[in-house]
Amino acid sequence: MQDTLSFRRNLLARPRARERALLLVACAFVIAGLVQLSIVDPLSMGASLYLAASVVWALVFVVAHLALDRYLPGRDPLILPIVALLTGWGLIEVARLSRTDAPRQLMWVVVSVGVMLVVAAAPRELRWLRRYRYTWLLGGLVLLAATLVFGVNPSGIGQELWLGFGGIFFQPSEVVKLLMVVFLASYLAEKRDLQLVMRIQSRSLTVAYLAPMLAMWGVAMAILLIQQDLGAAMLLFLAFLVMLYLASGKWQYLLVGMALLVFAVLIGYALIGRVTERVNTWLDPWSRAEVESYQVVQSLIGIGAGGLFGRGLGQGEPVVPAAPPEAPTPAAVEANGGAPTEPAVAEVAAAAGEHGEDEAYIETPRCTTCNECTLLNPRMFAYDENKQAYLADLSAGTYRELVEAAEGCQVAIIHPGAPRDPAEPGLDELLERAAAFR
């Protein structure tokens, strides 16, 4: 008896040791990345904040590891380290690109891991999910329909796909994805059990599975046509197809589902301008490099400039082409040819030539409508008729806000210039931070 217990303990201990070892690798990677960013790019996020972010992230996954040892001792030892590595890597990239979004990203990592631990500690009995599956489905659809009446966009422009209360916003389509999975898992499990009981071994497609497929296709089409959200519609329907295949084991359902999906995309392309624009941008980004495809072209140039092994964490320039002469525009042109970048470079050069070094300005033609500056101070920064930012009223804000907007801008197009008020507190520090954008 004791030998048996010892054997079981050893079996459980090996996966735990493997998980700990992999978590140490993930921790080394993420902490090293954040420390390196604090050294090479101190303007994106203060060194102390980088250190705090790495400590909080590490503590979250240490707690998760210890809690899962208690509640799920027989778990797969690869899942938690992979999640830790991916979330940590994402935190590094967000911190590199947007100072204001990094704390928010870290907060959601903490919240999501907390929810995971609550689910792990919850009772294993999930009959309440199956019992009320139609309630979950109806609730999700009601939330989705509510965006037609109460929908908002936190940025004030674009598709109104969010619901908000008290300054907190969420997309109902994200909640619907989870509720749909709950509903479909319950429905498909019931139908599979029924077929097994009745010993139905038919090779043909059955109404029990085709009916929900058509219903899900209808929901996806509603999301596509009403909300014009192609990504959410495709993801929802593809998740259903995977679950349907796992429940039935028949690849014919995948073929029928993919045919319906292609048909939906063609309808969206023909009827919805936003979808047409996205597809055309994907097919031929270079012909629209100055407008719709700017971010796609910018990404392609950045990939080309990085080469096979990259330029090093924090060493690259995520804004290509950029206004300062030290930006890697030559490398981008060398990698991709000069023609695609010439119009954007000419616009940037013209914009920079119109302003003196001490004058605050924004390279408006390169604005990607990220909302960073307008959320920081909507009176100082505003959007023009093309939904691109410009300086509306310099007197409506402080030099500190100008510098913070420049640091938070994802495409580095805000140039603070010289301070207007020589008596503003902390001016020496602000001038040092603003030097990179002048």
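Anything in the range 391-414 that is touching a strand residue (DSSP E or B) at 6+ places or on another chain (Cβ under 6 Å) and more than 24 Å from Val94 (Cα to Cα)? List them, or say none.
Leu391, Ala392
Of all residues in the range 284-306 being at pLDDT 70 or above and in a loop (DSSP other than H, G, I, E, B), which is surrounded by the fewest Cβ atoms within 10 Å (Cβ to Cβ)?
Per the criteria, the residue is Asp284.
Name, by its number, the condition in (1) at pLDDT 75 or above; (2) out of contact with any Pro (no Cβ under 6 Å at 6 or more places or on another chain); (3) closer than 30 Å to Cys370 by Cβ that does not hold for Leu210.
All conditions pass for Leu210, except number (3).
Only one of these conditions is not met by Ala95: (1) buried (at least 17 other Cβ atoms within 10 Å of the Cβ); (2) under 26 Å from Leu178 (Cα atoms); (3) not basic (Lys, Arg). Which number is it?
(2)
Looking at the range 87-108, I want the residues that are over 19 Å from Val411 (Cα atoms) and have a partner that is of a type in the set (Phe, Trp, Tyr) and modelled with pLDDT of 85 or more with Cβ atoms under 8 Å, at least 6 apart or on another chain. Which pairs are those?
Thr87/Trp57; Gly88/Phe29; Gly88/Trp57; Trp89/Phe29; Leu106/Trp57
With the requirement that a residue be β-branched (Val, Ile, Thr) and part of a helix (DSSP H, G or I), what does the range 86-101 give you?
Correct list: Thr87, Ile92, Val94.
Taking the range 363-401, which residues are under 11 Å from Ile413 (Cβ atoms) and touching a Gly at 6+ places or on another chain (Cβ under 8 Å)?
Within the range 363-401, Glu372, Cys373 qualify.
Filter the range 62-72 for residues that are assigned to a helix (DSSP H, G or I), more than 27 Å from the chain's Cα centre (by Cα) and not acidic (Asp, Glu) and give the result.
Just the residues of the range 62-72 that are assigned to a helix (DSSP H, G or I), to begin with: 62-71.
Restricting the remaining residues to those that are more than 27 Å from the chain's Cα centre (by Cα) gives 66-67, 69-71.
Correct list: Leu66, Ala67, Arg70, Tyr71.
If you go through the range 73-85 one residue at a time, do you hit one that is of a type outside the set (Phe, Trp, Tyr), assigned to a loop (DSSP other than H, G, I, E, B) and surrounded by 14 or more Cβ atoms within 10 Å (Cβ to Cβ)?
Within the range 73-85 (the criterion being of a type outside the set (Phe, Trp, Tyr), assigned to a loop (DSSP other than H, G, I, E, B) and surrounded by 14 or more Cβ atoms within 10 Å (Cβ to Cβ)), the answer is yes, since at least one residue qualifies.
The values are calculated or read from the model by the stated rules, or taken from the named source; none is laboratory data. Values in this document were obtained by computation on a predicted structure and should not be read as measured data. Backbone-built Cβ (ideal geometry, glycine too); neighbour counts: all protein chains shown.
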